Amino acid sequence: MKKLSLTILAASIFTLAACQQATTNSAASGAAAAASGAVPAGLETQTKQVSYTLGQQMGEQLLQLKNNGGEIDVKVLAEGIQDKLDGKPSKMTEAQTEVAMKAFMETMTEKAKKKAEESQAAGDKFLTENKSKEGVKTTASGLQYKVNKEGTGASPALGDGVMVEYTGKLIDGTEFDSTKQQGGEPLAVPLTGNSVIPGWTEGLQLMKEGGEYTLYVPAKLAYGTMSPSPKIPANSVLVFDMKIVKVEKGVVKDQVVKVPQGGKENKK
């Protein structure tokens, strides 16, 4: 294993979050505050608002560590930040830091591996039991789906744009995302072959405009061994209630680059 310095860890849990989320989160928070006309108590100044936002972003990353078995002492974390801001020397030597971080990452790797194996086993069990339930069909790729309401409009294909409403859940019923959570408006999905998870690319092409399906997406057709957010563990089977609101034929055909599940390419 390569040595992992504190600087590298800091970059992974803080700088990356700031780069990726600052604009979106700050804009959303600002819009919400402007709409309500009220500033939260204790956050009256710009400095406090920015400080709180940065804390929220760091907290999001630390939550992912926590959910994967990492133990963080927030009081000591704050002490380390304050010492750095005050220009005080570190209480730990570079060698001590390297040893501590290497041991921490090894522990995290083991815990993540165990959790992923447990998630894989639970997902396999769920899919095995689910495929025999009434109305559930299974495709060659392993995607399972159930028709709740058949559509009567156009069927989307690669190169089309699709407006969808959805609710995403884990197999235990925990909701991790939905169009309702994102403001209630349908989501625009460009079917380019790699713009969304393979389970969506395949599943949406089974449907028609106006249709409502439940998709049971195996981990290999979702995020696989990756954990895209603290809400979705690695190797998770994902369940989506999907509705196609509208199909726009050919609007992204020039962006098509590949077809999952070994289909024919649909290029320009």
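The values are calculated or read from the model by the stated rules, or taken from the named source; none is laboratory data. No experiment lies behind these values; they were computed from the predicted model shown. Using ideal geometry, Cβ is built from the backbone for each residue, glycine included, and neighbour counts are taken over all protein chains shown.
If you check ALA116, ALA100 for being touching a Pro at 6+ places or on another chain (Cβ under 8 Å) and outside any loop (DSSP other than H, G, I, E, B), only one passes: ALA116. Any residue in the stretch 67-78 that is surrounded by 11 or more Cβ atoms within 10 Å (Cβ to Cβ), modelled with pLDDT of 90 or more and farther than 30 Å from ALA103 by Cα? No; the residues of the stretch 67-78 include none that is surrounded by 11 or more Cβ atoms within 10 Å (Cβ to Cβ), modelled with pLDDT of 90 or more and farther than 30 Å from ALA103 by Cα. Taking the listed residues GLU98, GLU106, the one that is surrounded by fewer than 13 Cβ atoms within 10 Å (Cβ to Cβ), touching a residue at least 24 places away in the same chain (Cβ under 8 Å) and either within 22 Å of LYS231 (Cβ to Cβ) or not assigned by TED's automatic domain parsing to the domain that holds GLY224 (or both) is GLU106, with no other qualifying.
Could you please let me know if GLU185 is of a type in the set (Asp, Glu), farther than 13 Å from LYS249 by Cα and either in contact with a helix residue (DSSP H, G or I) (Cβ under 6 Å, 6 or more places away or on another chain) or in contact (Cβ under 8 Å) with a residue 40 or more places away in the chain (or both)? Judged against the criteria, GLU185 is not a match. The residue that is farthest from the chain's Cα centre (by Cα), among those in the stretch 140-155 that are closer than 15 Å to MET242 by Cβ and of a type in the set (Ser, Thr, Tyr), is SER155.
Candidates are the residues of the stretch 174-203 that are among the hydroxyl-bearing types (Ser, Thr, Tyr) and more than 14 Å from LYS220 (Cα to Cα); the one that is surrounded by the fewest Cβ atoms within 10 Å (Cβ to Cβ) is THR174. Test GLY193 against the criterion of being under 26 Å from SER229 (Cα atoms), outside any strand (DSSP E or B), modelled with pLDDT under 95 and not acidic (Asp, Glu), and give yes or no. So GLY193 fits the description; yes.
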